[in-house]
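Just below is one structure, and these are the notes that go with it.
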Amino acid sequence: MSGDFPGLLQRLAEGGVDFVVVGGFAGVAHGCTYVTADIDICIDLSADNLLRLQEALAGLNAVHRMTPKRTKLHLTPANCGQIKNLYLDTDMGQLDCVGAIAGVGDYANVRKASENMTVEGVSLRVLNIDGLIESKKAMNRAKDAAAIRELEAIRKMREKK
């Protein structure tokens, strides 16, 4: 992993941002051994929540990673309604913010499929192992095949306990 992911997530949590950790870091939280280069979150895309996200990232030089000019994050109540996803670079690492997850659905469904977890001392909502497996299967990417096998093995071990 690169970046201070626990610190970044702590800032979001303390800033009152409504989100669920998904993707590779969620897999790590469940016990997977693979390495991830960013934090993926599914986020409530309401203007109020997006403005809380921006405030939580204040001072971290957040820029849009997928734009040629890497423009600075500048959300307003007026432009928040246009946001579907945000792919950001910050001083604490890459942060991908999406409004829906393949195989699980929109933010409301992702939240229902999440659980409270404490990750490196930070209390977070994390996509549960079943939701994570379904999302990785739905994305159908070669890089997810090993993660699916590992997550299924972790789930099987938990069921035996």
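All of the numbers you see were taken from the coordinates with simple rules; none came from a lab. Predicted model only: the values in this text are computed from it and were never measured. Virtual Cβ from ideal backbone geometry, glycine too; neighbours counted across all protein chains shown.
Numbers below:
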{"quantity": "Rule-of-thumb Rg ratio for the range 5-160 [Cα; 2.2 N^0.38 Å; N residues]", "calculated": "1.02"}
{"quantity": "The range 1-84: relative contact order in percent, alpha carbon pairs under 8 Å with at least 6 residues between", "calculated": "29 percent"}
{"quantity": "Residue exposure sequence - Tyr107, Tyr87, Tyr34 - by fewest surrounding Cβ within 10 Å", "calculated": "Tyr34, Tyr87, Tyr107"}
{"quantity": "Contact order relative to length of the chain, as percent, for alpha carbon pairs under 8 angstrom and 6 or more apart", "calculated": "26 percent"}
{"quantity": "For Asn128, distant residues with modelled amide H under 5 Å away", "calculated": "Ser114, Glu115"}
{"quantity": "Alpha-carbon centroid distance for the pair the range 96-138 / the range 45-86, whole angstrom", "calculated": "21 Å"}
{"quantity": "Proximal charge balance of Asp40 [Cβ under 12 Å; K/R count +1, D/E count -1]", "calculated": "-1"}
{"quantity": "Inter-site label distance for Lys160 and Asn61 at 7 Å from Cα along Cβ, in nm", "calculated": "4.8 nm"}
{"quantity": "Relative contact order (%) - the range 67-161, alpha-carbon pairs under 8 angstrom, separation at least six", "calculated": "16 percent"}
{"quantity": "Ranking of Val20, Val122, Val35 by count of other Cβ atoms within 10 Å, fewest first", "calculated": "Val35, Val122, Val20"}
{"quantity": "Under 5 Å, built H, 5+ apart or other chain: amide partners of Val119", "calculated": "Leu124"}
